[in-house]
Structure formats: structure tokens, C-alpha cells
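The values are calculated or read from the model by the stated rules, or taken from the named source; none is laboratory data. What you see is a predicted model, and the numbers here were worked out from it, not measured in a lab. All Cβ positions, glycine included, derive from the backbone under ideal geometry; neighbour counts span all protein chains shown. Just the protein is used for accessible areas: all its heavy atoms, side chains included, with ligands, DNA and RNA removed. Shrake-Rupley method; radii C 1.70, N 1.55, O 1.52, S 1.80 Å.
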Amino acid sequence: MISAQAIHKAFGGNEVLRGVSLDLMRGEVVAVIGPSGSGKSTFLRCLNHLETIDSGTVIVEGEVLAQNDASGKAQYVSDAQIRKIGHKMGMVFQSFNLFPHLTVLENIIEAPMLVQKIKRSEIVPKAEALLKKVGLLEKRDAYPNRLSGGQKQRVAIARALAMDPDIMLFDEPTSALDPELTGEVLRTMRELAQDRMTMLVVTHEMGFAREVANRVIFMDGGNIVEQATAEAFFANPQHERTQAFLQNML
Ligand code: ADP
Ligand code: MG
């Protein structure tokens, strides 16, 4: 679903990604863990073009987003093609990013109507089905400021799903939540995984990574230091830095 090869990204002189490669298979759930500042968010943002890469290759479902030219500098495809590829991916952020002036339902139907030109009469039932799926149909007409953090994040997930993505990217979706509210969001994500959604999840929730992820990637200092099946990763971390990180988390 995603093939990212040798991704390099610097902000000014700060080299944040130093040759990161990842292949994500259909239906796979991959957890990305690592210390703050290791480049996890930047990597996710490079995959869906919220950031541009300096060099490397990004291919999404067989379609090239960017690849190196002869000088080894990444060149992007046309804006139209970038948009098309972008729509394959839904993203959920730590900070929810709901529109405060729109109701829950309006938040969900906005992008499908504006971007995909789907008729309101068609998208409303679908939005309601998604709200039912995340357990929030009764909040259909509420404004975001009336929702708990966990509810906001579940709406954000429903909103991303309304665009019919093939891949879902999550950047620390529970990190801004009070501990008692993380469970409901993780449950929604677990159900999505059971529905065989392809998911790349940056998370500090080791329980979730262990139980739901097929594969775990550990990033440090702009590199993937270690990756393994979730089982092997937690039972037998190989790298010293992984061991130290896990010791602090568990
Ligand atoms: P993580 O998500 O693992 O905490 P990030 O990808 O957010 O790490 O950040 C990695 C490094 O890149 C940090 O040093 C951060 O300060 C820097 N960085 C991230 N985004 C930007 C940006 N837009 N401009 C400048 N530096 C950035
Ligand atoms: Mg981050």
C-alpha cells in the first residue's frame, strides 16, 4: 500500500529523517514508536505530503508521489496527481482538528461534499453510519466544544473514514487525552484493524502496539533502529536503544 524508500528530510541544517524506508502491506497495522523528536511525525507527514521530502521515493498503491531525479533530489508528480494520491490516505492527529463552527455531522460531510462532490443526500446516511460505528450517533448535531476529548477524536476518525481512505495514518491519537478517555479511542482503532484497514500508527500506547499491531517500528534520531513483529519486538528487542526505550515505557 505504501512503499517509502530512503527518505531524507532536513529542516534547515537539522536532518530529521536520515534514510527511512518502510513498506506497508494491505491490511497491515504497523506501530511506530520512539522518543520525542526522533522524526515519527515528520515521517508520517512526508507520506501524505504534509511535508515534502528532500530525497527518496514514496509510492502509494503503485502510484509514484515522489522519486529522485538524476541529481538525487526528490521530484514530485503533478499537483493533481498529488491530490489524488493524498485522498487514498486519511490522517488523525493528536489535536483532533475538528472545525469548531460545524456540528459533528457537518464536520464529517464537509470534505466529501467539497472535495469529492458527493451529494448531501448520499453522504449524510454514510456519515450517520460512521457515527454509529464510533458510537456517537446521538452527538450528530452537537458542536465539538460539547464533546469530551475521546469523543472528539472518535469524530475525527469518522471524518477521515468518510473520505473512503485505503490507508489510515494516526499520529499519537491518544496523547492529548486524559488517561480514562484513551480506551474508547483505542477500541475504535482496534475495530478498524479488525475490519482489515491498513494502518500506520505513531503511538506511546505499548499495550495497543503489542496487541493490535502486526509489526512494530522503533525510530531514534531520524532512523529506523529496529523493526520486528509485535510479538518478537516486545519479547526480545535486539537493539540497546530499543531496550532502554521499552524499559522506560513499561
Ligand atoms: P516526533 O514526532 O518523533 O516527536 P518530529 O518529527 O515531530 O518528531 O520532529 C523531529 C525533529 O524535527 C525535531 O527536532 C523537530 O524540532 C523538527 N521539526 C519537526 N517539524 C519541523 C518544522 N516544521 N520545522 C522545523 N523543524 C521541525
Ligand atoms: Mg510527533
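In µm²/s, what is D for region 1-121 at 37 °C and 0.692 mPa s, where D = kT/(6 pi eta Rh) by Stokes-Einstein and Rh is the Kirkwood radius from Cα pairs?
Values: Rh = 16.1 Å.
Rounded, D is 204 µm²/s.
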Might you report the magnitude of the Cβ-based charge dipole of the chain about its Cα centre, with Lys and Arg at +1 and Asp and Glu at -1, to the nearest 20 debye? 580 debye
Taking 0.36 nm per residue of separation and subtracting the Cα-Cα distance, what length does fully extending R18 through S71 add? 17.3 nm
Sorted largest first, extent of region 208-250 alpha carbons per principal axis (Å): 25, 19, 16
In nm, to one decimal, how far is the R187 label point from the S121 one, both placed 7 Å along Cα→Cβ? 3.6 nm
From the C-alpha coordinates alone, can you work out the Kirkwood hydrodynamic radius of region 136-205, in Å? 12.7 Å
Kindly provide log₁₀ I(q)/I(0) values, in the same order as q = 0.09, 0.10, 0.12 Å⁻¹, from the Debye equation applied to equal alpha-carbon scatterers of the chain. -0.40, -0.49, -0.71
Most fluctuating residue given options S38, S95, S71, as computed from a GNM of the chain linking Cα atoms under 10 Å: S71
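Can you give me the % of accessible surface on region 1-67 that is carbon or sulfur? Probe 1.4 Å, all protein chains present, nothing else counted. Don't skip to the end; give the middle numbers.
Values: 1140 of 2460 Å².
Carbon plus sulfur share of accessible area: 46 percent.
Per DSSP helix of 4 or more residues, -39500 (n - 2.57); summed, then divided by the residues of the chain. What does that give at 222 nm, rounded to the nearest 500?
Numbers: 9 runs with 93 residues, N = 250.
Using -39500 (n - 2.57) per qualifying helix, the result is -11000 deg cm²/dmol.
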Residue among I85, F99, G39 farthest towards the positive dipole end of region 27-122, charges placed on Cβ: F99
If each of A235 and F11 carries a label point 7 Å out from its Cα toward its Cβ, how far apart are those two points in nm? 3.9 nm
Cross-link pairs beyond the 21 Å C-alpha cut-off, checked among K88/K132; K40/K126; K132/K152; K126/K152; K117/K139: K88/K132; K40/K126; K117/K139
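Taking only protein heavy atoms into account and a 1.4 Å probe, give the accessible area per residue of the chain in Å². Can you show the working numbers first?
Values: 11570 Å² over 250 residues.
With the other protein chains kept in place, the chain gives 46 Å² per residue.
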Inter-part gap, Cα centre of region 1-46 to Cα centre of region 139-162, in whole angstrom, is 28 Å
Explain nothing, just the number: dipole magnitude of region 164-250 about its Cα centre with +1 on each Lys and Arg Cβ and -1 on each Asp and Glu Cβ, in debye rounded to the nearest 20. 280 debye
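Per the 1.4 Å probe, what fraction of the accessible area of region 83-198, in percent, lies on carbon and sulfur atoms?
Working: 2780 of 5580 Å².
Answer for region 83-198: carbon and sulfur cover 50 percent of the accessible area.
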